[in-house]
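K.L.:
My questions all concern the structure below.
Bear in mind that the values in this text are calculations on the coordinates, not laboratory data. Just so it is clear, the structure is predicted and the values come from calculations on it, not from any experiment. Note that we place each Cβ from the backbone using ideal geometry, even for glycine, and neighbour counts take in every protein chain shown.
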Amino acid sequence: MRKITVINQKGGTGKTTTAVNLGAALSELGREVLLVDLDPQAGLTESLGVETAGRPTVSEVLMLEVEPREAFHALPHLTVLPSSPVLAETEKRILRDRPSDYPLALKDALAGMRGFDFVIVDCPPSLGALSLMGMVYSGSLLIPLQTQYMALNGLEKILGMVKTIREAGFPMEILGILPCMYDVRTSLSRQVEEHLRETLRDKVFRTVIRQSISLAEAPARSKDVLSYQPGGRGAEDYRALAQEVLGHG
């Protein structure tokens, strides 16, 4: 079972879009995929139309109040461990109850889970406690990055956190940096991509995620982009990413 944490400390980078659509593309290739929404804003949960009222979520799983499968929501081709705004309070409780080992909370909660080829964790847009839990759980990071120069500053913070986690004794690899929101009409996107490839070389995916209206429209229909517009640019790009991820295995 491969685990991947999708992370960026900035919102609007394509993080949730990547978690959902990479999962969908891997599922299309016959893999069993679990998506874990570790963001109190519950963007992944809402984008797939998962209803959480009266049902357990990742909060109860983290607090070891329910078994993970009791909180799973099965979609036709994906399984979701949903989130809700309650997760913000759960984060505080974990920090209070487990001040010395809180980074292990998700790893402990999902220990022994079987039945999936991939678990993809969508973190909040921050480098706080929840993100650290997601990073330690998987030990493998996929970092979506807007093809804008300001985004490169944020990347340095993530790389610094990876170094700190490694020094604390936790294994941590960068599966890849994913150029997102790539505007094929501008030289800026090309320049940022070239800079990434020159400085980080094989840590940058060959695939780039181009700007696409379908990627913005799909969540409004509670769908991933492969279901919403299977022949479109967004679906094509995430299929290419899925093939790269499988190749990294």
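K.L.:
From the residues 64, 225, 8, which one has its Cα farthest along the dipole of the stretch 2-248 in the positive direction, the dipole being from +1 and -1 charges on Cβ of Lys/Arg and Asp/Glu about the Cα centre?
P.N.:
8
K.L.:
If you split all Cα-Cα distances of the stretch 207-249 into 10 Å bins from zero, what percentages do you get per bin, shortest first?
P.N.:
Result returned by the calculation: 32, 48, 19, 1.
K.L.:
Further question: Packing-wise, with mean Cβ within 10 Å as the measure, how do 115-121, 87-93 rank, highest first?
P.N.:
Values: 115-121: 20.1, 87-93: 16.3.
Descending packing order for the listed peptides: 115-121, 87-93.
K.L.:
Could you give the radius of gyration (one decimal) and Dmax (whole number) of the Cα atoms in the stretch 57-179, in Å?
P.N.:
Reported Rg and Dmax, both Å: 15.2, 44.
K.L.:
Using unit Cβ charges (K, R positive; D, E negative) and no other charged atoms, how large, in debye to the nearest 20, is the dipole of the stretch 2-248 about its Cα centre? Write down the numbers at each step before the final one.
P.N.:
Details: 27 positive and 30 negative charges, 97 e Å.
Once rounded to the nearest 20, the dipole reads 460 debye.
K.L.:
Next question. For the chain, set up a GNM with springs between Cα atoms under 10 Å and report which of 42, 129, 216 has the largest fluctuation.
P.N.:
Highest fluctuation among the options: 216.
K.L.:
Okay, moving on. Tell me, in nm to one decimal, what length is gained between residue 221 and residue 164 on full extension, where the rule is 0.36 nm per residue of separation less the Cα-Cα distance? Don't skip to the end; give the middle numbers.
P.N.:
Numbers: separation 57, 0.36 × 57 = 20.52 nm, distance 3.99 nm.
The span from residue 221 to residue 164 would gain 16.5 nm if fully extended.
K.L.:
Hey, another quick one. Just how large is the dipole of the stretch 1-149 about the Cα centre, in debye to the nearest 20, putting +1 at every Lys and Arg Cβ and -1 at every Asp and Glu Cβ?
P.N.:
Working: 13 positive and 17 negative charges, 77 e Å.
Dipole magnitude for the stretch 1-149 comes out near 360 debye.
K.L.:
Determine the sum of side-chain charges near residue 119: Lys and Arg each +1, Asp and Glu each -1, restricted to other residues whose C-beta is under 14 angstrom from that of residue 119. Before the final figure, lay out the partial values.
P.N.:
Working: positive: 2, 3, 31, 69, 107, 114; negative: 32, 37, 117, 122.
Spelling it out: positives minus negatives among the neighbours equals +2.
K.L.:
Which Cα, out of 45, 130, 110, lies furthest along the positive dipole direction of the chain (beta carbon charges, K/R +1, D/E -1)?
P.N.:
Working it through, the farthest residue towards the positive pole turns out to be 130.
K.L.:
Relative contact order, percent, of the stretch 2-248 when contacts are C-alpha pairs under 8 Å separated by at least 6 residues?
P.N.:
On the way: 460 pairs, mean separation 64.8, N = 247.
Once divided by the residue count of the stretch 2-248, the mean separation gives 26 percent.
K.L.:
Can I ask one more? Based on DSSP, what percent of beta bridges with both residues in the chain are antiparallel, to the nearest 5?
P.N.:
Working: 2 of 26 bridges.
Once the DSSP bridges in the chain are tallied, antiparallel ones form about 10 percent.
K.L.:
Another question about this same structure. Evaluate Rg over Rh across the chain, taking Cα atoms for both radii and Kirkwood's formula for Rh. Mind showing how you got there, number by number?
P.N.:
Values: Rg = 17.1 Å, Rh = 18.1 Å.
With Rh from the inverse mean 1/r over Cα pairs, Rg/Rh is 0.95.
K.L.:
Once the convex hull of the C-alpha atoms of the stretch 144-249 is built, how many Å³ does it hold per residue, rounded to a whole number? Display every interim value, and only then the final one.
P.N.:
On the way: hull volume 13.1 nm³, N = 106.
Per-residue hull volume (Cα only) is 123 Å³.
K.L.:
Which lysines, if any, have their Cα less than 23 Å from the Cα of residue 15, not counting same-chain residues under 8 positions apart?
P.N.:
Hits, sequence-local ones excluded: 3, 107, 157, 163, 203, 223.
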